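Participant: Before I ask anything, here is the structure I am working with.
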Amino acid sequence: MNEYAPQGTGAPALGDGTRAVRAGLPEAVKNEPPLPGPVFAAHFHLPGDVEGPYAYGRDTNPTWTLLERAIGELEAPGEDVHTIVFASGMAAVSAVLLSQAHTGDTVVLPDDGYQALPLLREQLEAYGIHVRTAPTGDDAQLAALDGARLLWIETPSNPGLDVCDVRRLVDAAHAGRTLVAVDNTLATPLGQRPLELGADFSVASGTKGLTGHGDVLLGYVVCRDPELAARVRRWRKIVGAIPGPMEAWLAHRSLATIQLRAQRQWANALAVAEALTHWTDVSGLRYPGLPTDRSHKTAARQMRGFGSVVSFTLPDRAHAERFMAALRLVEDATSFGGVRSTAERRGRWGGDAVPEGFIRFSAGAEDTEDLVADVLRALDHAGARG
Ligand SMILES: Cc1ncc(COP(=O)(O)O)c(C=O)c1O
């Protein structure tokens with residue numbers, strides 16, 4: 001049980017901002033820093049028997065321990081959970097899928113999830129694991145669950161921003177003894193708590209909104225069950241996809257501001273989405289926080305905030321490229337969730353089933369009026385020369 005989330009103790013539950021600034025900090029010790037610096041160590045002194053928490057740097061590190069505690073406090077306040085950090089989001093995603101599914105098992109994936117999932121699908125199939133896919137929207141994965149070992153949910157999905165009803169899928173999956181993992185990357189633990197919705201695993205890329213500065217690659221897995229956690233930890237040990245101490249420390253330092261960043265970024269995303277609703281060149285606008293979005297009802301039930309990503313489609317590739325080139329405050333870059341707004345014409349990668357003019361836009365922490373004005377000016381420019 002962590003000290004900053006006194007649920008069940010009779011004390012009032014703390015707010016997200018309070019929890020964030022204290023998450024994972026050790027007990028105060030005179031003359032010690034509040035957040036100890038990164039511990040750079042490949043090995044630790046170990047005379048005699050193998051005892052104590054730290055022996056070899058691929059297995060454990062004190063900087064990870066604090067970060068893992070912090071992420072656990074945000075993903076599942078007041079609960080005793082197991083958190084395992086990884087070198088990247090994909091390391092965490094692969095660790096869950098490859099440690100829980102075995103030859104002959106069936107795994108259900110979304111067919112509209114992050115674009116590296118099809119690569120992972122090929123790998124699972126090469127190991128004799130059967131893969132079924134279905135879209136995120138309309139809870140379509142329900143129809144593919146029969147006899148599956150694991151259901152993988154990505155909600156909101158990247159880049160289409162569809163949302164599924166996590167609790168409904170979890171109930172159906174658990175009725176058939178199917179494990180459920182939720183990719184929580186877009187929402188961040190402040191926006192959604194998959195374990196509270198019944199999932200067995202919350203998995204995410206910490207590269208995005210969790211750390212928010214675009215300078216760290218990180219991933220994590222959180223779960224309640226010690227046996228499931230042990231398998232994921234074993235996978236990390238044998239594959240060695242561990243974060244460096246510096247990255248882990250930077251991530252922990254960044255967590256202190258996650259609530260401040262998220263509040264501004266989510267407000268900016270909503271303001272951009274609202275401004276886009278009035279623009280005739282824009283179609284296919286998606287943002288789960290927009291009351292008119294087809295996912296809004298489900299999102300409002302299970303999310304605590306709707307994230308920083310907005311997606312929409314401009315008439316064609318040239319129009320989208322003119323829009324991207326005209327932006328002044330928004331970086332043309334992949335990734336999302338950072339304090340500096342980014343956007344990209346997603347079709348340039350291939351791999352996602354999106355129109356040529358599809359834009360994935362990630363709102364940063366700029367002043368709202370400046371950001372909206374920049375987007376509208378770029379849209380105007382792109383349309384005028386169309
Ligand atoms: C939803 C989702 N999951 C996982 C990943 C993988 O994360 P990473 O790039 O940190 O490996 C990404 C990356 O964009 C993502 O968008």
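The values are calculated or read from the model by the stated rules, or taken from the named source; none is laboratory data. Predicted model only: the values in this text are computed from it and were never measured. Glycine gets a Cβ as well: all are built from the backbone with ideal geometry, and neighbour counts include every protein chain shown. Just so you know, the surface numbers come from the protein's heavy atoms only, side chains and all, with ligands and any DNA or RNA stripped out. Shrake-Rupley method; radii C 1.70, N 1.55, O 1.52, S 1.80 Å.
Participant: Mind listing just one residue for me: the one in the range 84-106 that is out of contact with any His (no Cβ under 6 Å at 6 or more places or on another chain) and away from the ligand (no atom under 16 Å from the Cβ) and, of those, farthest from Ala229 (Cα to Cα)?
Facilitator: Selected residue: Gly104.
Participant: Something else about it: Which is open to solvent by 20 Å² or more (accessible area, probe 1.4 Å), polar (S, T, N, Q) and either at pLDDT 95 or above or touching a Gly at 6+ places or on another chain (Cβ under 8 Å) (or both), of Thr342, Thr292? Working first, answer last.
Facilitator: Values: Thr342 fails: open to solvent by 20 Å² or more (accessible area, probe 1.4 Å).
The match here is Thr292.
Participant: Right, here's the next one. Of everything in the range 355-371, what is under 24 Å from the mean Cα position of the chain (by Cα) and within 14 Å of Leu327 (Cα to Cα)? Give them in sequence order.
Facilitator: Within the range 355-371, Ile359, Arg360, Phe361, Ser362, Ala363, Gly364, Glu366, Leu371 meet the criteria.
Participant: Output the residues belonging to the range 53-98 that are open to solvent by less than 10 Å² (accessible area, probe 1.4 Å), under 26 Å from Glu125 (Cα atoms) and more than 14 Å from the chain's Cα centre (by Cα).
Facilitator: Those that are open to solvent by less than 10 Å² (accessible area, probe 1.4 Å), under 26 Å from Glu125 (Cα atoms) and more than 14 Å from the chain's Cα centre (by Cα): Ile84, Ala95, Val96, Leu97.
Participant: Can you pull out the residues in the range 108-133 that are under 20 Å from the mean Cα position of the chain (by Cα), open to solvent by less than 40 Å² (accessible area, probe 1.4 Å) and of a type in the set (A, V, I, L, M)?
Facilitator: Val108, Leu109, Ala116, Leu117, Leu120
Participant: Tell me the residue from Thr342, Thr368 that is within 24 Å of Val216 (Cβ to Cβ) and of a type in the set (Ser, Thr, Tyr), please.
Facilitator: Thr342
Participant: Keeping to the range 295-332, report how many residues are touching a strand residue (DSSP E or B) at 6+ places or on another chain (Cβ under 6 Å) and either assigned to a helix (DSSP H, G or I) or open to solvent by less than 50 Å² (accessible area, probe 1.4 Å) (or both).
Facilitator: The number of residues fulfilling the criteria is 9.
Participant: To continue, here is another question. If I ask for residues that are outside any helix (DSSP H, G or I) and under 27 Å from Val180 (Cα atoms), which ones from the range 219-272 would you list? Talk me through it step by step, then tell me what you get.
Facilitator: We begin by selecting, within the range 219-272, every residue outside any helix (DSSP H, G or I); these are 219-225, 240-244, 256-257.
Gly219, Tyr220, Val221, Val222, Cys223, Arg224, Asp225, Gly240, Ala241, Ile242, Pro243 - these are the residues of the range 219-272 that are outside any helix (DSSP H, G or I) and under 27 Å from Val180 (Cα atoms).
Participant: OK, next. Given the residues Val21, Val39, which is the only one that is over 26 Å from Gly305 (Cα atoms), away from the ligand (no atom under 16 Å from the Cβ) and among the aliphatic types (A, V, I, L, M)?
Facilitator: The match here is Val39.
Participant: Would it be correct to say that Thr178 is buried (at least 24 other Cβ atoms within 10 Å of the Cβ) and either farther than 30 Å from Arg294 by Cβ or not hydrophobic (A, V, I, L, M, F, W, C) (or both)?
Facilitator: Values: buried (at least 24 other Cβ atoms within 10 Å of the Cβ): no; either farther than 30 Å from Arg294 by Cβ or not hydrophobic (A, V, I, L, M, F, W, C) (or both): yes.
Against the criterion (buried (at least 24 other Cβ atoms within 10 Å of the Cβ) and either farther than 30 Å from Arg294 by Cβ or not hydrophobic (A, V, I, L, M, F, W, C) (or both)), Thr178 does not qualify.
Participant: Check Val282, Val166 and return the single one that is under 20 Å from Val309 (Cα atoms), touching a Pro at 6+ places or on another chain (Cβ under 8 Å) and more than 14 Å from the ligand (Cβ to nearest atom).
Facilitator: Val166
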